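**Q** Quick one: this structure, given as structure tokens, is what I'll be asking you about.
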Amino acid sequence: MGKTLLQVEHLRTYFHTFRGVVKAVDDISFSLDEGQVLGIVGESGSGKSVTSFSILKLVESPGVVQSQRILFNGEDISRKNEKEMMKIRGKDIAMVFQDPMTSLNPLYTIEKQITEMLDLHQKGMSHKEKRERCIQLLHMVGIPNPEDRLKSYPHQFSGGMRQRVIIAIALAANPKLIIADEPTTALDVTIQAQILNLMDRLVKEQNASLILITHDLAVVSQMADRVIVMYCGKIVESGSRDDVIRRASHPYTVGLLNSIPRISEEQDRLESIPGMVPSMLDLPQGCYFAPRCKYCQEICRTQAPVDQTVGEGHTVCCHFPLKGGD
Amino acid sequence: MSRILQVEDLIQEFDLTQDLLDRIKFKHGRFSVEQQVVHAVNHVSFEIEEGEVFSLVGESGCGKSTTARTVIRLQEPKSGRILFEGQDITHRKLKDLRPIRRQMQMIFQDPYASLNPRQKVLDILTEPILFHKLAPSKAAAEEKAIYLLERVGLSAEQSNRYPHQFSGGQRQRIGIARALAVEPKFIIADEPVSALDVSIQAQILNILMDLKDEFGLSYLFIAHDLSVVKHISDRLGVMYLGTIVERAPKRQLFQKPLHPYTKALFSAAPTIDENKLSQSQELKGEIPSPIHLPSGCLFHDRCPLARPECAQTMPQLREVEPEHFVACHLAGAEGSAADSVKGGICL
């Protein structure tokens, strides 16, 4: 294992609304090693995207981010001001957003948009060098005839191609960490496979780390080294890919895995999780998952569970963790 | 078993240049008239037996939703024939279509957009019942609506709420209840679970399967998610650029896909059962524009096995094995290259 690149300690992001405080991210801690791929999984509203915005300080009012420490490359970035963060965003930590249709500026050519990154973070490049770097980046992400496409505008590209351009922009300043928020959710499966393979290859080639945020357990199981499962702003389970996918211990993780129809098996009925995610303004007492949990007992309704270690590097936040994948 | 729906040689096109001015193009120093037509559905044929779930799968833009919308006559077909329970409904007038519409209902993809935000749930459900005169009085219609609401897992108290007071999964339940309100025989479900979270997806799929048994329904199911489709269907058609490239019973299709596109699609779908990204079957390039369709086999410029003849002639659907239809020049020939490519998913 390489050395730790990112260490998030006791991160809390609360949104103060008129109807009450929404604890979108509630006291979570995790770390990421160099060269590692971390998958953050959860359903909509579980706080997985807010986690990444919080790390980059992109949360806007009424959101308030608090944390004990966020160590990035040995430096605490949680205390940095906006100006210092500007130097980190894009250069050291780059982000790939979900919607390839809206995350590029429709008024600028893609050359302009890639060069903007170079101007900001790799100063002193000549015009020719910048152009060559653009071509090299576009070539790297698999855009055919990059020389001809430099002057194209985003609307001239398809969804998959735009996502490649966005990845090229993210890679422009050789970041150490890439945060990809649902990078393939808007894409078709065959294009998704292309983009995932591309990201997998580039992360290895550039020796960067990747945080992959997705709702799709199948994508995570193919890409990630470590997996975090979030529910209602809390981490309910974390561990290596095999721990979480094959030896899931939290009833919620097990429920999620059972909800996915298996291509390789014949099933009559899907084992679904009953009920739905509670409102973030009206969370149940005790364990947040208790009302939907089929193993729920008295203590679950009154007392919030704490993290338990069930294996090496495999922790579960549950009073009664399940054993060995069932 | 009788046949509930038969679609023969369906063609659907959209003219992007209906206005004469749009057709006039200025090119190479001279004016010319150009017509741009989107070939959304090209010669699609399939049939659905009573009590069967037939699914159309494919990527976005392959024409699966357009096929569904044309079958239920939300869009007028360009040519072809649509037979519902043996009756030709291809060119029926709207007035004569109404009794048929009661028999075929649709569940839409987006539960946020498909319910009227200004109607209470109870009104959403009673309106079609009263319109088709399926209840003697308003009270009887309401009673029926509440029964349906409870049947899809909502409570009677919730019937006086408006759609915005429900979550996506609950709204989709309302959409299902509305489709069932007029006692249909046949339901077209256009991506009914793709907008929902995984745990809610499983709940909705289970409801759809239970209702099918209870009300004796047949489904035309449209989806892009292979695992969902595999779970719910009896037979499937795989679509690419507006044509069905392969059509077979579920087991045969998943065990032994024969069309190179089906194989690529299957291998691209991520599964939690395998650890590694599959590198081998990755498709090159993207779907060509449906305005300028490729010559010959529509898939030939992305196909790893393409031969010269593929660019020349368009392959027709052939029955390669019993009930297993493939539109590929190479499939089915003894020891052909197409068969040697791995891509099957073991059952």
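**Q** Test A:Pro175 against the criterion of being assigned to a loop (DSSP other than H, G, I, E, B) and at pLDDT below 90, and give yes or no.
**A** No, not satisfied.
**Q** Can you confirm whether A:Pro305 is at pLDDT 90 or above and outside any loop (DSSP other than H, G, I, E, B)?
**A** In short, no.
**Q** Name the single residue that is surrounded by the fewest Cβ atoms within 10 Å (Cβ to Cβ) among those in segment A:181-203 being more than 9 Å from every other protein chain (Cβ to nearest Cβ) and farther than 22 Å from A:Pro106 by Cβ.
**A** A:Arg201
**Q** Is there any pair with a first residue in segment B:163-181 that is more than 12 Å from chain A (Cβ to nearest Cβ) and a second that is of a type in the set (Gly, Ala, Ser) whose Cβ atoms are under 7 Å apart and which are 6 or more apart or on different chains, and what are they?
**A** Matching pairs, first to second residue: B:Gly175/B:Ser114; B:Ala181/B:Ala145.
**Q** Would it be correct to say that B:Leu258 is buried (at least 20 other Cβ atoms within 10 Å of the Cβ) and among the aliphatic types (A, V, I, L, M)?
**A** Criteria met by B:Leu258.
**Q** Residue by residue through segment A:263-284, note down the ones that are closer than 21 Å to B:Leu154 by Cβ, of a type outside the set (Ser, Thr, Tyr) and either more than 8 Å from chain B (Cβ to nearest Cβ) or not in a loop (DSSP other than H, G, I, E, B) (or both).
**A** Those that are closer than 21 Å to B:Leu154 by Cβ, of a type outside the set (Ser, Thr, Tyr) and either more than 8 Å from chain B (Cβ to nearest Cβ) or not in a loop (DSSP other than H, G, I, E, B) (or both): A:Gly275, A:Pro278, A:Asp282, A:Pro284.
**Q** Could you list, in sequence order, the residues of segment B:159-183 that are more than 29 Å from the chain's Cα centre (by Cα) and surrounded by 17 or more Cβ atoms within 10 Å (Cβ to Cβ)?
**A** If the condition is that a residue be more than 29 Å from the chain's Cα centre (by Cα) and surrounded by 17 or more Cβ atoms within 10 Å (Cβ to Cβ), then B:Ser159 is the only one that fits.
**Q** Specify which of the listed residues (A:Met85, A:Met161) is among the hydrophobic types (A, V, I, L, M, F, W, C), part of a helix (DSSP H, G or I) and within 14 Å of chain B (Cβ to nearest Cβ).
**A** Step by step, each of A:Met85, A:Met161 is checked, and only A:Met161 is among the hydrophobic types (A, V, I, L, M, F, W, C), part of a helix (DSSP H, G or I) and within 14 Å of chain B (Cβ to nearest Cβ).
**Q** Another question, then. Starting from residues that are open to solvent by 10 Å² or more (accessible area, probe 1.4 Å) and closer than 26 Å to B:Glu286 by Cα, keep the ones in segment A:204-213 and report whichever is nearest to the other protein chains (Cβ to nearest Cβ).
**A** If we take residues in segment A:204-213 being open to solvent by 10 Å² or more (accessible area, probe 1.4 Å) and closer than 26 Å to B:Glu286 by Cα, then A:Lys204 is nearest to the other protein chains (Cβ to nearest Cβ).
**Q** Tell me whether segment A:205-225 contains one or more residues that are over 24 Å from B:Ala195 (Cβ atoms) and without any contact (Cβ under 8 Å) to a residue 12 or more places away in the chain.
**A** Within segment A:205-225 (the criterion being over 24 Å from B:Ala195 (Cβ atoms) and without any contact (Cβ under 8 Å) to a residue 12 or more places away in the chain), the answer is yes, since at least one residue qualifies.
**Q** Residues that are under 23 Å from A:Lys57 (Cβ atoms), under 24 Å from the mean Cα position of the chain (by Cα) and in a strand (DSSP E or B): does segment A:115-133 have at least one?
**A** Within segment A:115-133, none of the residues are under 23 Å from A:Lys57 (Cβ atoms), under 24 Å from the mean Cα position of the chain (by Cα) and in a strand (DSSP E or B).
**Q** Within segment B:137-157, can you find the residues that are in contact (Cβ under 8 Å) with a residue 24 or more places away in the chain and open to solvent by 30 Å² or more (accessible area, probe 1.4 Å)?
**A** Those that are in contact (Cβ under 8 Å) with a residue 24 or more places away in the chain and open to solvent by 30 Å² or more (accessible area, probe 1.4 Å): B:Lys144, B:Ile146, B:Arg151, B:Gly153.
**Q** Oh, and also: Since A:Glu237 meets every condition but one in (1) open to solvent by 30 Å² or more (accessible area, probe 1.4 Å); (2) under 30 Å from A:Val21 (Cβ atoms); (3) acidic (Asp, Glu), which condition does it not meet?
**A** (1)
**Q** Filter segment B:24-72 down to the residues that are among the basic types (Lys, Arg) and within 14 Å of the chain's Cα centre (by Cα), then identify the one that is least open to solvent (accessible area, probe 1.4 Å).
**A** Checked segment B:24-72; the qualifying residue least open to solvent (accessible area, probe 1.4 Å) is B:Lys64.
**Q** Let me ask you something else. Looking at B:Leu97, B:Leu122, which one is surrounded by 14 or more Cβ atoms within 10 Å (Cβ to Cβ), over 27 Å from B:Leu205 (Cβ atoms) and without any contact (Cβ under 8 Å) to a residue 60 or more places away in the chain?
**A** B:Leu97
**Q** Tell me which residues, restricted to segment B:227-243, are open to solvent by 10 Å² or more (accessible area, probe 1.4 Å) and either in a strand (DSSP E or B) or within 11 Å of chain A (Cβ to nearest Cβ) (or both).
**A** B:Ser227, B:His231, B:Arg235, B:Thr243
**Q** Surrounded by fewer than 22 Cβ atoms within 10 Å (Cβ to Cβ) and free of Cβ contacts under 8 Å to residues at least 60 places away in the same chain: which single residue out of A:Ser44, A:Ser54, A:Ser61 fits that description?
**A** Answer to the selection: A:Ser61.
**Q** May I pose another question? In segment A:244-262, which residues are part of a loop (DSSP other than H, G, I, E, B), in contact (Cβ under 8 Å) with a residue 24 or more places away in the chain and either within 7 Å of chain B (Cβ to nearest Cβ) or open to solvent by 10 Å² or more (accessible area, probe 1.4 Å) (or both)?
**A** Answer for segment A:244-262, where residues must be part of a loop (DSSP other than H, G, I, E, B), in contact (Cβ under 8 Å) with a residue 24 or more places away in the chain and either within 7 Å of chain B (Cβ to nearest Cβ) or open to solvent by 10 Å² or more (accessible area, probe 1.4 Å) (or both): A:Arg247, A:Ile260.
**Q** I need every pair where a residue in segment B:275-304 that is within 11 Å of B:Tyr240 (Cα to Cα) and within 14 Å of chain A (Cβ to nearest Cβ) has its Cβ under 9 Å from the Cβ of a residue that is open to solvent by 50 Å² or more (accessible area, probe 1.4 Å) and modelled with pLDDT under 85, sequence separation at least 6 or different chains.
**A** Partner pairs satisfying both residue conditions: B:Ile287/B:Ser60; B:Ile287/B:Gly61; B:Pro290/B:Gly61.
**Q** So, in segment A:273-292, exactly how many residues are within 30 Å of B:Val229 (Cβ to Cβ) and either of a type in the set (D, E, K, R) or surrounded by fewer than 21 Cβ atoms within 10 Å (Cβ to Cβ) (or both)?
**A** Residues flagged as within 30 Å of B:Val229 (Cβ to Cβ) and either of a type in the set (D, E, K, R) or surrounded by fewer than 21 Cβ atoms within 10 Å (Cβ to Cβ) (or both) within segment A:273-292 amount to 4.
**Q** Please list, ordered by residue number, the strands (runs of 3 or more DSSP E) wholly in segment B:33-150 having 2 or more residues that are β-branched (Val, Ile, Thr).
**A** Here the list reads B:37-49, B:53-57.
The values are calculated or read from the model by the stated rules, or taken from the named source; none is laboratory data. Being a predicted model, the structure only gives us computed values, none of them experimental. Glycine gets a Cβ as well: all are built from the backbone with ideal geometry, and neighbour counts include every protein chain shown. Areas reflect the complete protein model, heavy atoms only, side chains present, ligands, DNA and RNA absent. Shrake-Rupley method; radii C 1.70, N 1.55, O 1.52, S 1.80 Å.
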